[in-house]
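K.L.:
Can you keep this structure in mind? I'll have questions shortly.
Please treat every number below as a calculation from the coordinates, not as lab data. What you see is a predicted model; the values in this text were computed from it and never measured. Positions of Cβ are backbone-derived with ideal geometry, glycine not excepted, and every protein chain shown enters the neighbour counts.
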Amino acid sequence: MIEIKNHKFPTDVYYDPATHFWVKVEGKIARIGIDDIEQGSRGGFVVVQFNDVGSEVRRGESLGSVEAEKHVGALKAPVSGRIVRVNDALLQNPRLANEDPYGQGWFVEMELTNFDAEKADLISGEANIRAWLLAEAKKYEERGWIAES
Amino acid sequence: MDSGVVTAVESRRAEAFAVRQENFCDTISFFAPGLKRFSTEEFQQKTPQAFRPVSLTGSACALQCEHCQSKILEPMIPLNPKEGLFQLAKRLHQNGTTGILISGGSDKAGAVPLKKYFPDIARIKNELGMRVMVHTGLVDRETARQLKEAGVDGVMIDIIGADETIREVYHLNTTTAAYEASLAYFSEFGLSIRPHIILGLHFGQFLGEYHALEMIQRYPVHSLILVILTPLVGTHMQNVPPPSLEDIEEFFYRARLQMPKTPIMIGCARPLGDHKVAVDHLAVDYGLNGIAYPADGVVAYAREKGLKPKFFEDSCSCGSA
């Protein structure tokens, strides 16, 4: 786990630089959620919706939507696959994404269909993750998405 | 609901919508300022940095109002005294910001501490050409004069219409007369006034809203901004239910009829989810002129009603109908 600007990031997952989603892969199944700096920038999650279990989603397509205190918009899939499970607890209590983004606040599980090709677009490894996040934290500050330190 | 009630509701909606059609062109404005990232199927924010809020006091506020407790200040850009307001605005301007909201916490008298910033505000207007809106809180005559002299584009103030709310929610030892006096000072100096009314401010209940509306009616305001009590986590009102849709609907109706020629906007602050969807549809039904961060589907609904949407990336307090 590394910490940048008071936000925590596990290093045993992949990160999608386009969405700030984390992807934890076990076999052909990936659990997906949002990282700590992104959840912080969005404010309290109020409403979360996901596509139906069984639906196919390609990387970059919408797998659901979110309405939060400081963000409204689609949730874009970081990887391609079929949604095999959604987090019912999160649907009932969207703030879990803020309170425990890597644990109880996970979004969906997907059966991966193109991960070998797509993982090149994701960020992994402690050094790479740290370098990327340092640049991202600066960007988030400049855009006012997180408080300037 | 029986058919008689349905007919009465439809009749009132039609009446309010007709008032809009008589007094405005057929456009409806949608806003997505940079306070929130916003991208829906109907409206994609392209330049979230276009309009940015700045807090002169950081997250500090002497009032600690029951519904806010400084939470609203937290996402704003805090002014670093070492940098100064002009330099901050210049830095934002260089990054594509064309307008700023100058806000901040209040002092114990309910005023945002603006006075020492007027020279900087004048420079922001004159040298950078940025649009400057100001959340003022209560003002005295001299502050209103200096706001005008500094050249601000508009002033915003929450108008409270019940002494109980002023005391119990804002913790202020004053009366509604102080709010009306602020409107009078703004008006005297010809400032562009964009008053806000917070519906349900008295712990989710309507109390002074209609009095606030009456006060505002007496002055030549640019527009009226309606926001709705949003129970914020970490405040004393976090478990307070927001005001009912019935109360909101009634207020929209009366506001439209009582201020037929004034643009009425739905501001950023309102409960999310199903409540927001319902409120936004009511806003269209009752002929209001603009909506900030519209719920998905509301743009299409407005088109169905014969309205032409226009999209803006600054505050609804900046826009015109």
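K.L.:
Are there any trypsin sites (Lys or Arg not before Pro) in the stretch B:23-62 that are in a DSSP loop and have at most 14 other Cβ atoms within 10 Å? List them by number.
P.N.:
Those satisfying the criteria are B:46.
K.L.:
Taking amide H atoms as placed 1.01 Å from N in the peptide plane, list the residues 5 or more away in sequence, or in a different chain, whose amide H sits under 5 Å from that of residue A:76.
P.N.:
Close amide H contacts, sequence-distant or interchain: A:63.
K.L.:
Now for a different question. Just rank B:286, B:117, A:102, fewest to most, by other beta-carbon atoms within 10 angstrom.
P.N.:
A:102, B:117, B:286
K.L.:
Here's a follow-up. Give me the mean projected area, in nm² to one decimal, of the convex hull enclosing the Cα positions of the protein assembly as shown.
P.N.:
So the Cα hull casts an average projection of 22.9 nm².
K.L.:
Turning to a different aspect of this structure: Determine ³J(HN,Hα), in whole Hz, for all residues of the stretch B:229-246 in sequence, where each value follows from phi through the Karplus function 6.51 cos²θ - 1.76 cosθ + 1.60 and θ = phi - 60°; x replaces Gly and Pro.
P.N.:
Running phi through 6.51 cos²θ - 1.76 cosθ + 1.60 with θ = phi - 60° gives 3, 10, x, 8, 4, x, 10, 5, 9, 4, 9, 7, x, x, x, 6, 5, 5 Hz.
K.L.:
For chain A, modelled as a GNM with alpha-carbon contacts under 10 angstrom, which of A:89, A:68, A:77 fluctuates the most?
P.N.:
Result for chain A, Cα springs under 10 Å: A:89 fluctuates most.
K.L.:
Given H placed 1.01 Å from N in the peptide plane, which residues other than close sequence neighbours of residue B:270 have an amide H under 5 Å from its amide H?
P.N.:
Under 5 Å from the amide H of residue B:270: B:228.
K.L.:
Whose amide H sits under 5 Å from the amide H of residue B:310, counting only residues 5 or more places off or on another chain, with H placed in the peptide plane?
P.N.:
For residue B:310, whose amide H was placed from the backbone, the distant partners under 5 Å are B:28, B:29, B:30.
K.L.:
Once every DSSP H run of n ≥ 4 in the protein assembly as shown is given -39500 (n - 2.57) and the sum is divided by its residues, what mean residue ellipticity at 222 nm do you get, rounded to the nearest 500 deg cm²/dmol?
P.N.:
-9000 deg cm²/dmol
K.L.:
Still on this structure: Kirkwood Rh over Cα pairs of chain B into Stokes-Einstein at 20 °C, 1.002 mPa s: D in µm²/s?
P.N.:
108 µm²/s
K.L.:
What trypsin sites (Lys or Arg not before Pro) does the stretch B:241-294 have in DSSP loop regions with at most 16 other beta carbons within 10 Å?
P.N.:
When the trypsin sites (Lys or Arg not before Pro) of the stretch B:241-294 are filtered for loop state and at most 16 Cβ neighbours within 10 Å, B:261 remain.
K.L.:
Considering Cα pairs under 8 angstrom that are at least six residues apart, work out the relative contact order of chain B and quote it in whole percent.
P.N.:
For chain B, the relative contact order is 24 percent.
K.L.:
Quick one: net charge around residue B:276, please, counting Lys, Arg +1 and Asp, Glu -1 for every other residue with C-beta under 11 Å from its C-beta.
P.N.:
-3
K.L.:
Next question. With angles folded into 0 to 90 degrees, how steeply does helix B:274-285 sit against the dominant principal axis of chain B? Use alpha carbons for both and round to 10.
P.N.:
For B:274-285 against chain B, the angle is about 80 degrees.
K.L.:
Right, next: So what are the ³J(HN,Hα) numbers for the stretch A:124-141, from phi and the Karplus equation (6.51, -1.76, 1.60; θ = phi - 60°), rounded to whole Hz, Gly and Pro as x?
P.N.:
With coefficients 6.51, -1.76 and 1.60, one gets 8, x, 4, 5, 5, 5, 4, 4, 5, 5, 4, 5, 5, 4, 5, 4, 5, 5 Hz.
K.L.:
Could you work out how far helix B:141-150 tilts from the main Cα principal axis of chain B, as a 0 to 90 degree angle to the nearest 10?
P.N.:
Roughly 80 degrees, rounded to the nearest 10.
K.L.:
Now for a separate question. Could you give each residue of the stretch A:30-35 its phi-based ³J(HN,Hα) in whole Hz, using Karplus coefficients 6.51, -1.76, 1.60 with θ = phi - 60°, and x for Gly or Pro?
P.N.:
Result, ordered by residue: 10, 8, 10, x, 10, 7 Hz.
K.L.:
Here's something else I'd like to know. Roughly what would the spin-label model give for residue B:83 and residue B:239, points 7 Å off Cα along C-beta, in nm?
P.N.:
Result for the modelled spin labels: 3.9 nm.
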